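The values are calculated or read from the model by the stated rules, or taken from the named source; none is laboratory data. Since the structure is predicted, the reported quantities are computational estimates derived from the model, not experimental observations. Here the Cβ is made from the backbone with ideal geometry for all residues, glycine too, and neighbour counts use every protein chain on show. Protein only, heavy atoms only, side chains kept; ligands, DNA and RNA dropped before computing areas. Shrake-Rupley method; radii C 1.70, N 1.55, O 1.52, S 1.80 Å.
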Amino acid sequence: MGILRSDKHIGKLYPFGYTIEDGAVYFCAAESCEALSLLLYKGGKRISEIAFPKEERIGDVWRLCVEGMELDGSLSYTYRADEKEFSDPYGRSFFGRERYKERKNLKTMPRTIICTEAEAASEKTEAGILAKAAPKVGAGTLQDVLKAETGPSPCHKDGSCFIPYEDSIIYRLHVRGFTKDKSSGVEAGRAGTFSGIIDKIGYLKDLGVTSLELMPAYEYNETEHAFGREGYKTNYWGFTEDALRFAPKRSFGGAKGFRELIEALHREGMELILGMYFSGNEPEDYVLSVLRFWRMHYGLDGVHIIGYAPMRLLLCDPYLKGMKLWADRIGEQDLKRDKREFLMPVRKKEQAVRFAAVYDDSFQNDLRRFIKGDEDMVGRMMGLIRSNPSHAARINYAANVSGFSLNDVFAYDRKHNEPNGENNTDGTDLNYSWNCGEEGPSRKKRINELRRQLYKNALVLTLLSAGTPLINAGDEMAHTKKGNNNSWCMDDRTEWICWDDLKKHEDIYQLTKALIRLRREHPVFRQSEELRGADYRYIGLPDISFHGKSAWKVDMENYRRQLAVCLNGAYSKRTDGTADDCFYIAMNMHWEAHKFYLPKLPEGKSWRLLLDTSEETSEDLLSGAEAGQELRFPDSIRIAARSIVILIGK
């Protein structure tokens, strides 16, 4: 029997995408057009075009039943609407983009693979892997819900993870760029893929990372930008509007590679968060369907929504309950509906646990301004150190994908985006950076020492402030993008991690690791709610207090650049029930040294020096001993220009 359109069960409702039932294949598509057709392919050759019956159209939803098709994974399809061919946005696996950045991708239309569950059992093909992952009723959105109602997805066999924000250390990376460079030591067939990340899990664990954020790793077109004789610009970051968001990217390892990655991370007790870009032109129910799919089919732990984020809808969806959701703007009104709170699925001692988080540049920008010594920043820094909202967590970083790398923040005053081919007109001009006296790489010892000092200042404040810290891949080893602050099209060492930098900048790596350990071992830095700034238990010191050069007095004039914070460990309990240590962090962002007078500790304790960013990092901090060095004068300490000192009360 040949391939024929059928009226079998056509009156039934099926989810978007395709559904296989009783040997027939049911297609459901949403498209505003006058005529819609199914284009069938075998290999790379089109073998049939079948029109959707107009009498089965409901609004802009088209339905079609086809019989007589081979269901072994050899067939694939696209749609044609009013003479324009397009891929099924609900497809889960595609032919046509098996290799990254191939020129043929400029003209190749990705074709959705059609495959039965029987073919899936062999696990020989990408189609098989995807079909096995899919619920038995087919592909799309409706069956996502049905699967959740009838039982857990098989991908949850290792158990999905939820790590409270106060215990999280986030590491953001690009799948390809993380291990593509030969210096990664990852074998050629695995480099630049999900498998390459698996090979580096040990490195991430040793650093102290708990949560991995991937830049877009679904099927996006990296060759979408035509560019004269050169053919195209690589859309390396993957922020594309026409992405096929239900399918893990084939050139990164596809469904099989993604599942292996998330299961490997879960076995190590680590989370996986996926960055997803939405332009705002997508229907809100499509955004919801995408997130439900990744949650139910892969056990994804969270999504960073870049661009348009219908947070009120997402945060109130019961299927996404307990999934971390990040966006650049979340208000308290987004967390409530019909006067009921949707805050978190688990409760510890009557306190709701947050799963939403605000993810924006506010911490980054104010931190940079404070460190380089801008005026009127003391008050803002007090807010950054303490900020820990109850309605949503805050993600803190000193540098991220968009903008300078952390190394370049202290090496460049201006962007250098000439390699992007847009005459340096792209990218922001507001970098809040300072080159310390010379643009770009310098051979002057004084400049390089100052840059190192400011770099360490940024690490201290990012990793020890109250919010959830994020490290952009490579910043723990001083990666440079050579002043490019908009490297969206750079598929080279501008974006790739050069692992040789680990040896070159071992001091930065060791300090990053030591600060993460300090945060992990001291709950005083990991609060589940914002500190009050009061001694409400009558212990003798407030839970958090701010100071200036004089104890208990912050100088707030706009020209002041000195600030200190004291964290009272008695308000934080270790796992064994004992009180944590007290910490005093003094920040002198002035270009001259200043003496700071210290608040008194309870009797029997004294302040000891743990870290001075103007000096070599102490072995006490690096080794985790934390004994600290006795102060020459117990009631005061001299803080060098543009440096930070950490004292521990022992």
Check your understanding: Looking at this structure, is TYR236 farther than 25 Å from PHE162 by Cβ, open to solvent by less than 40 Å² (accessible area, probe 1.4 Å) and of a type in the set (Ser, Thr, Tyr)?
Key -> yes
Revision key, fill the gap. Quick count over segment 542-560, residues being surrounded by fewer than 22 Cβ atoms within 10 Å (Cβ to Cβ) and touching a helix residue (DSSP H, G or I) at 6+ places or on another chain (Cβ under 9 Å), is 10
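Only one of GLY474, GLY483 is open to solvent by less than 10 Å² (accessible area, probe 1.4 Å) and in contact with a strand residue (DSSP E or B) (Cβ under 9 Å, 6 or more places away or on another chain). Can you tell me which? Steps first, answer last, please.
Numbers: GLY483 fails: in contact with a strand residue (DSSP E or B) (Cβ under 9 Å, 6 or more places away or on another chain).
Answer to the check: GLY474.
Can you name the residue in segment 607-644 that is part of a loop (DSSP other than H, G, I, E, B) and among the basic types (Lys, Arg) and is also modelled with the highest pLDDT among such residues?
Pass one, segment 607-644, residues part of a loop (DSSP other than H, G, I, E, B): 613-618, 624-628, 631-635, 640-642.
Narrowing the set further to residues that are among the basic types (Lys, Arg) leaves 632, 642.
Numbers: ARG632: 85, ARG642: 98.
If we take residues in segment 607-644 being part of a loop (DSSP other than H, G, I, E, B) and among the basic types (Lys, Arg), then ARG642 is modelled with the highest pLDDT.
Only one of these is surrounded by 15 or more Cβ atoms within 10 Å (Cβ to Cβ), in contact with an Asp or Glu (Cβ under 8 Å, 6 or more places away or on another chain) and among the aliphatic types (A, V, I, L, M): LEU4, LEU75, LEU64. Name it. Spell out how you get there, then give the answer.
Numbers: LEU4 fails: surrounded by 15 or more Cβ atoms within 10 Å (Cβ to Cβ); LEU75 fails: in contact with an Asp or Glu (Cβ under 8 Å, 6 or more places away or on another chain).
Selected residue: LEU64, the only one of LEU4, LEU75, LEU64 that is surrounded by 15 or more Cβ atoms within 10 Å (Cβ to Cβ), in contact with an Asp or Glu (Cβ under 8 Å, 6 or more places away or on another chain) and among the aliphatic types (A, V, I, L, M).
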Exercise for review: Give the residue that is farthest from SER93 (Cα to Cα), with candidates limited to residues of segment 189-243 that are acidic (Asp, Glu) and modelled with pLDDT of 95 or more.
Suggested key: ASP206
Practice item. Inspect all residues belonging to segment 622-634 and state whether any of them is in contact with a Lys or Arg (Cβ under 8 Å, 6 or more places away or on another chain), in contact (Cβ under 8 Å) with a residue 12 or more places away in the chain, polar (S, T, N, Q) and farther than 24 Å from LEU511 by Cα. Key: no
Point to revise | Test set (1) open to solvent by less than 30 Å² (accessible area, probe 1.4 Å); (2) at pLDDT 50 or above - ALA131 fails condition number | key: (2)
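Does segment 486-501 hold any residues that are under 22 Å from GLU418 (Cβ atoms) and open to solvent by less than 10 Å² (accessible area, probe 1.4 Å), and which are they? Can you show your working first?
Looking only at segment 486-501, we keep the residues that are under 22 Å from GLU418 (Cβ atoms), and these are 486-496, 498.
SER487, the sole residue that qualifies.
Going through ALA327, ALA255 one at a time, which residue ends up being open to solvent by less than 10 Å² (accessible area, probe 1.4 Å) and modelled with pLDDT of 95 or more? Spell out how you get there, then give the answer.
Values: ALA255 fails: modelled with pLDDT of 95 or more.
Testing whether each residue is open to solvent by less than 10 Å² (accessible area, probe 1.4 Å) and modelled with pLDDT of 95 or more leaves just ALA327.
For the structure I just gave you, tell me whether SER183 is open to solvent by 20 Å² or more (accessible area, probe 1.4 Å), under 25 Å from the mean Cα position of the chain (by Cα) and modelled with pLDDT of 95 or more. Working first, answer last.
Numbers: open to solvent by 20 Å² or more (accessible area, probe 1.4 Å): yes; under 25 Å from the mean Cα position of the chain (by Cα): yes; modelled with pLDDT of 95 or more: yes.
Yes; evaluated as a whole, the condition is true for this residue.
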Review point. Would you pick out the residues in segment 265-320 that are of a type in the set (Asp, Glu), open to solvent by 40 Å² or more (accessible area, probe 1.4 Å) and farther than 21 Å from TYR165 by Cα?
Key: GLU284, ASP285
Check your understanding: Residues in segment 437-449: is at least one touching a residue at least 40 places away in the same chain (Cβ under 8 Å) and hydroxyl-bearing (Ser, Thr, Tyr)?
Key -> no
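Looking only at residues in segment 573-597 that are touching a Pro at 6+ places or on another chain (Cβ under 8 Å) and modelled with pLDDT of 95 or more, which one is farthest from ASN448 (Cα to Cα)? So that I can check it myself, show each step before the final result.
At the first step, the residues of segment 573-597 found to be touching a Pro at 6+ places or on another chain (Cβ under 8 Å) are 573-574, 580, 584.
Subsequent filtering for residues that are modelled with pLDDT of 95 or more retains 580, 584.
Values: ASP580: 36, TYR584: 27 Å.
Filtering segment 573-597 for residues that are touching a Pro at 6+ places or on another chain (Cβ under 8 Å) and modelled with pLDDT of 95 or more, the one farthest from ASN448 (Cα to Cα) comes out as ASP580.
Among the candidates LYS84, LYS157, LYS107, LYS101, which residue alone is surrounded by fewer than 20 Cβ atoms within 10 Å (Cβ to Cβ), at pLDDT 50 or above and under 27 Å from the mean Cα position of the chain (by Cα)?
Values: LYS84 fails: under 27 Å from the mean Cα position of the chain (by Cα); LYS157 fails: at pLDDT 50 or above; LYS107 fails: under 27 Å from the mean Cα position of the chain (by Cα).
Every option except LYS101 fails the conditions.
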Exercise for review: Have a look at ARG537, ARG532, ARG526, ARG520 and point out the one that is among the basic types (Lys, Arg), closer than 15 Å to GLY467 by Cβ and open to solvent by 40 Å² or more (accessible area, probe 1.4 Å).
Suggested key: ARG526
Review point. Restricting the search to segment 375-397, which residues are among the small types (Gly, Ala, Ser), open to solvent by 10 Å² or more (accessible area, probe 1.4 Å) and either in a loop (DSSP other than H, G, I, E, B) or within 20 Å of ARG172 (Cα to Cα) (or both)?
Key: SER387, SER390
